[in-house]
Structures are given as C-alpha cells and as structure tokens.
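Participant: Have a look at this one before I ask anything.
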Amino acid sequence: MGKERTNKHQSKRGFEDKKQNRYPNKKQTGRNQSVSDQNEEALEDNFVFGHHAAVEALQQGRGNKLFLQEDSRGEKVEELKEIAREQAVPVKWVPKQKLETLSNHGVHQGVVLAITPYEYLSLDQLIERTKEKKEDPFFLILDSIEDPHNFGSILRTADASGVDGVIIPKHRAVGITPIVTKTSTGAVEYVPVARVTNLVQAVQQLKEIGFWVFGTDMTGTNFQKWNAKGSIALVIGNEGKGMSPGLKKEMDELLTIPMTGHVQSLNASVAAGLLMYQAFSQRQGE
C-alpha cells in the first residue's frame, strides 16, 4: 500500500459520516475480576505522586488533598502550595512514612496528591471530541500493554508528537495508575484515553469512518516508507506476545522497524516512540 494507497475507506465513508451508536457502550464489570481487586484498583487510582504529576493534576482541577513531606522546603514546594491555594485544595504536612504508604513505596519526591478518579472516554466520545478540533486525527491503540512504565512513557511521547487520543482495552491491560501518571510526567492530563471492551470492534468502527489502521510486526513495510497522512490509527502490541491474531487481521498495513544485532525486538515504548515521530514528521503542516 504505502504511498500509492487509494482512498479505499474515504471513498466509501468520510470522517463526517460516522454511523451513530454502531457499537453502543454497555457497562461491564469484568466477570473475572474480584470485588477486592476492583476496590484495590479504585483506591490506587485515587492518588498521584511526584512533583510534575501533582502539578498537572492540580492545574486540571483534579486535586482533592495535597500531602507534603513535613520537612520539605524549596521553590517546588512553594509552587505546589500556591497552585493548591488557587484550586482550593487543602494541604497536609505528613511524615515520609505516610507518603511511602500512599504512594505504595513509589518515588514520590515528598509529594502525594489525592485526586478524583480518572475519567476515561468511550470511543464515540473520543471521536466526537477530536472531530471538533481536527479533520484527520491520529489515534494510538495499545493492545494489552501491561507495564505501567511503558504506558506512561508512551503517553509522554504521544503528547509530544501530536497524538490525538489513545485507545486501550478495559481488561487484561494496565490503566491510568499513579505509576503511569508519574512516568508520563503529567501528559496523562492532556492526551485523552478511551477504554473499550473489544479492540477488534473499535478498529472496525474506526475503519467505518475512514481511518487507515496500521500495526507493528516483524515483517511488513519499512516504517520509514509509511504513509502516515490522513485519519490514521497505529496499533502497538503487547510487550511479550505482540498484537493479537484477531486484531492483526484487521490491519490495513503492517509496519516493521529494521534492526541488526542479536536482539530482534524493541521495548514497546521505544518502538511506539519511533513510529509516533515518523508519523509526526510526515503530518507536520497537514
């Protein structure tokens, strides 16, 4: 396909011709997830830690209470206190041990912020919100990424490279956790994240409205020859298993990153970064 692709999807259906409610969203609780697991996840997701993550969450109005280490001083602490005051968020000085507990022994830098839970979008909401701002969006689809550091790094690069939204599955994948938030250095507050029950159906819905969908594989088109213009979605597979077979069948084109050496694979966040910036370089000035 590459540069000579035709308007296969666009000729049949444009971005403005989205079928309403093609895949209605249904509330699902995750039959394989215990109530205790859900409660633990909900509790964990109510905190972010580290200076940058706390600043971004406060500025987005998601702060509930700011916990600072009782012996903390300096410009960064004063900045946090000022933003908290502006947002009417109470500040509490606590021992380091308390911050260790709240952050689950993460690198908190003397700062933990209790926040309102992250609000994921549905796919329809992501499409509608993006359509209002850009004619040809660029979405990233993460197929069961499990490492929160990978997810956070991907979000950080997505924000820097102009990605308009990230799509993740509801189950068997990491969500927006405190580690993800900290690793993203606050980018999670700027890159919309949609969660869907079925990635295959999500891809089919995107193709219905004119998106070209690309995946990564050991064999395929050299990513440097990738035509990344137009409405596109890029799929990054699981760290160990790669892209699921069912999802791979839905790809318009598979991309590969040539490499030499003994290790014939890249970290998921590194591969995603290379591809995002390849798209970014092509899409400049669209």
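The values are calculated or read from the model by the stated rules, or taken from the named source; none is laboratory data. This one's a predicted model, so the numbers in the text were calculated from it and none came from an experiment. Every residue, glycine among them, receives a Cβ derived from its backbone with ideal geometry; neighbour counts consider all protein chains shown. Side chains included, ligands, DNA and RNA excluded: accessible areas come from the protein's heavy atoms. Shrake-Rupley method; radii C 1.70, N 1.55, O 1.52, S 1.80 Å.
Participant: Only four residue types carry charge here, +1 at the Cβ of Lys and Arg and -1 at the Cβ of Asp and Glu. Report the dipole size of segment 123-284 about the Cα centre in Debye, rounded to the nearest 20. Display every interim value, and only then the final one.
Facilitator: Values: 16 positive and 17 negative charges, 19 e Å.
Charge dipole of segment 123-284: 100 debye, to the nearest 20.
Participant: Using 0.36 nm per residue of separation minus the Cα-Cα distance, give me the extension gain between Thr221 and Lys81 in nm, one decimal.
Facilitator: Details: separation 140, 0.36 × 140 = 50.40 nm, distance 5.09 nm.
My answer for the length gained is 45.3 nm.
Participant: Considering amide H positions built from the backbone, and no H for Pro or chain starts, which residues 5 or more places from Leu255, or on another chain, come under 5 Å of its amide H?
Facilitator: Those lying under 5 Å, H to H, from Leu255 are Gly215, Thr216, Asp217, Thr221.
Participant: Pairs Lys131/Lys182; Lys207/Lys229; Lys170/Lys229; Lys134/Lys248; Lys76/Lys98: which are spaced more than 18 Å apart, C-alpha to C-alpha? Don't jump to the answer; show the numbers that get you there.
Facilitator: Working: Lys131/Lys182 29 Å; Lys207/Lys229 15 Å; Lys170/Lys229 28 Å; Lys134/Lys248 27 Å; Lys76/Lys98 20 Å.
Beyond 18 Å between Cα atoms: Lys131/Lys182; Lys170/Lys229; Lys134/Lys248; Lys76/Lys98.
Participant: Find which of Gln97, Gln125, Ala84 sits farthest along the positive direction of the dipole of segment 48-125, computed with +1 on the beta-carbon of Lys and Arg, -1 on that of Asp and Glu, about the Cα centre.
Facilitator: Gln97
Participant: How much length is gained if the chain between Glu132 and Trp93 is pulled fully straight, taking 0.36 nm per residue apart and subtracting their Cα-Cα distance, in nm to one decimal?
Facilitator: Length gained between Glu132 and Trp93: 9.8 nm.
Participant: Let me cross-check Leu255: its accessible surface, 1.4 Å probe, with only protein heavy atoms counted, in Å² to the nearest 10?
Facilitator: Roll a 1.4 Å probe over it and Leu255 shows about 0 Å².
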